[in-house]
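Here, each number is a calculation from the coordinates, and none is a lab measurement. Note that the structure is predicted; figures quoted are calculated from it, not measured. Virtual Cβ from ideal backbone geometry, glycine too; neighbours counted across all protein chains shown.
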Amino acid sequence: MAEKGKVKGDAGAARSGEVILDFSGVRPFEPLDERDDKGNLMYYACEVTALRLGKARKGGGPKASLELTVKSPGKYAKRKLFREYSLQPQALPFLYEFIKAVDPDENLGEDFRFNPDRYIGLSCAVTVENEKFEEQTRSRVKKIFTPGKANS
């Protein structure tokens, strides 16, 4: 798991154009397990720690950026997982899946008001898929479920 390097002390003490960083606690990214020792899908218990509206890089359409923090299993606790949701009509089934996972009673009709702040702190379970990206293997959220689906 990679942790962000911290700016140490007085960043102004570095020479012009430099900043002093603390890499002592940084570890390389390690993918999460897709399956358990018996070959069953792993379900990770997660909490929604950020959900922001923005614009997609390609095409500039509206999007929502989700950040989840793994709660269990314990060896993966505090890991961050990310998922981007296009808010284009043809992509809404993915956001629908997320909303129904964290708030199964939500009424998703034609005039639904999406307020990302309402979902911060809610729980869900996820499966991951590891994918190669440049020189690393990264864990990406594959599917989102209600919290009861998580492995114990």
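Structural remarks
- Among GLY60, GLY39, GLY17, the largest mean-square fluctuation in a Gaussian network model of the chain (Cα springs under 10 Å) belongs to GLY17.
- Listed residue (PHE29, GLN90, ALA125) projecting farthest to the positive dipole end of the chain, Cβ model: PHE29
- For the chain, built as a Gaussian network whose Cα springs stay under 10 Å, the top-fluctuating residue of TYR85, TYR96, TYR44: TYR96
- Residue range of the chain that is longest and free of GluC sites (Glu not before Pro) which are both DSSP loop and sparsely packed (at most 10 other C-beta within 10 Å): 19-109
- Summed over qualifying helices (DSSP H, 4 residues or more, each -39500 (n - 2.57)) and divided by its residue number, the chain shows a 222 nm mean residue ellipticity of -2000 deg cm²/dmol.
- Going through [x] 1.00; [y] 1.04; [z] 0.96, the figure that equals Rg/Rh (Cα atoms, Kirkwood Rh) as computed for the structure here is [y].
- Contour minus Cα-Cα distance for SER123 and SER72 (0.36 nm per residue): 17.2 nm
- With a Förster radius of 35 Å applied to the C-beta separation of LEU92 and PHE23, the computed FRET efficiency comes to 0.30.
- The chain: most fluctuating residue of LEU32, LEU81, LEU53 per GNM, C-alpha cutoff 10 Å: LEU53
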